[in-house]
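**Student:** First, the structure itself, so that you have it in front of you.
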Amino acid sequence: MSAQFLLPGLICSFAGKPVDVNCNVFVSGFDSVEEKKMDYTVLIYFRQRWNDPRLSYSDLNKTINLDSNIKVKMWVPDLFFVNEKDGRFHTITTDNRYIRIYPNGNVLYSTRLTLTLSCYMHLGNFPTDKQLCRIHIESYSYTTDDMTLEWQNDKALEISEEVKLPDYELRVNGLMGCTAGYTTGAFPCIKGEFILERRIGYFLIQIYLPSILIVIISWISFWIHSTSAPARVALAITTVLTLTTHSNSARAHMPRVSYITNMDIWMAACQAFVFAALLEYAVVNHATRREMRAARKAAKLAQAQLATPSKITDTNNSAPQYEMQLQNSSPLHKDKLDSITPPCLSTVINIQPTCPEPAPPLPPSPPYNPEESNNKIDDFCKVFFPVAFLIFNLVYWLYLNR
């Protein structure tokens, strides 16, 4: 085996001294964060430093910059990104990498990469969530006995000041070293963490404000009279369908998670308010129909009471007939007729009336006028729905900003 492919530690010491490799990552671009795919894309300068005594020299007192093609003739660490989903080298206009050798044998290997790294996101607090995304670097074949891997310093993971994300606040959380244990051995690794704190401004304009307006529009039906069924039903159904479409569009770019997010709570509450406005009209319509049936029954009862006095006057006409029968009857039958008392004898003989006077007729009840009826349900909902929605907003936003 050629010595150029052996570890520097194996050449200098057969005792197996591990090679110390220090890394530095400079983030020059943070292109996108995909919640649906749960990954993010970064443009980085990846720098590795180690010491190879075979490359030391004393003839020159300056560093030597070598072409990247020399990489195949010297030893370089076999590092890879554990959470990489896709990646590429940059080759325009030439390969964007270089190797720099110092007189004492220190080697700097720098390359420019675009990486798509996986980042598991918990979206329970969406859209006010904070995500912790990592960059995980590990040796592929060299164990901890052959190589150690460390960050160069406390600021080895840097972000360019020009990197600005429209929907996130980006900062570095911390650096750490680690050891990956597998059945084939323990391999050195390092991890760096980014904190992505979501900005809520976009969601306030595109999701929260339109849904609030849709809920408020559904309350207009409380001011439309209950007899205007086409207007109230059309308004209620339109707001329900509009909010459903708006909710589906808001979830289109979100992954299918099995837990409830804060956005789901908001959308479910808005849909409940809009649907409750539709059910409220069903209750009002039923109450209105019941009032109309009661009014019709009252009108029929009043008409029946008006027809009662005519029957009483007809019974008074039976007194003259009784008097004629009394005069034309024989003495034998007069005793029997005397024992029969006419319905109202006061009409025949001038004595104190013994029959009760007929009750005066009740005044007819006024007809049911739906325009003048005061619907207490609508009046109650005009106050209850806005107050309940305001209380929900206070609790919701205080919970988000906890």
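The values are calculated or read from the model by the stated rules, or taken from the named source; none is laboratory data. Because the structure is a prediction, the values reported are computed rather than measured. Backbone-built Cβ (ideal geometry, glycine too); neighbour counts: all protein chains shown.
**Student:** In segment 218-245, how many are assigned to a helix (DSSP H, G or I) and either farther than 30 Å from His286 by Cβ or among the β-branched types (Val, Ile, Thr) (or both)?
**Tutor:** Summing the residues that are assigned to a helix (DSSP H, G or I) and either farther than 30 Å from His286 by Cβ or among the β-branched types (Val, Ile, Thr) (or both) in segment 218-245 gives 9.
**Student:** May I ask you to say which residue of Ile207, Ile190, Ile214 is in contact with a strand residue (DSSP E or B) (Cβ under 8 Å, 6 or more places away or on another chain), of a type in the set (A, V, I, L, M) and surrounded by 13 or more Cβ atoms within 10 Å (Cβ to Cβ)?
**Tutor:** So the residue among Ile207, Ile190, Ile214 that is in contact with a strand residue (DSSP E or B) (Cβ under 8 Å, 6 or more places away or on another chain), of a type in the set (A, V, I, L, M) and surrounded by 13 or more Cβ atoms within 10 Å (Cβ to Cβ) is Ile190.
**Student:** Right, here's the next one. Mind checking which residues of segment 155-202 are within 23 Å of Thr144 (Cα to Cα) and touching a Phe, Trp or Tyr at 6+ places or on another chain (Cβ under 6 Å)?
**Tutor:** Hits for segment 155-202 are Leu175, Ala180, Ile190.
**Student:** Restricting to segment 67-107, and then to whatever is of a type in the set (Asp, Glu) and surrounded by fewer than 14 Cβ atoms within 10 Å (Cβ to Cβ), can you tell me which residue is modelled with the lowest pLDDT?
**Tutor:** For segment 67-107, the residue satisfying everything is Asp67.
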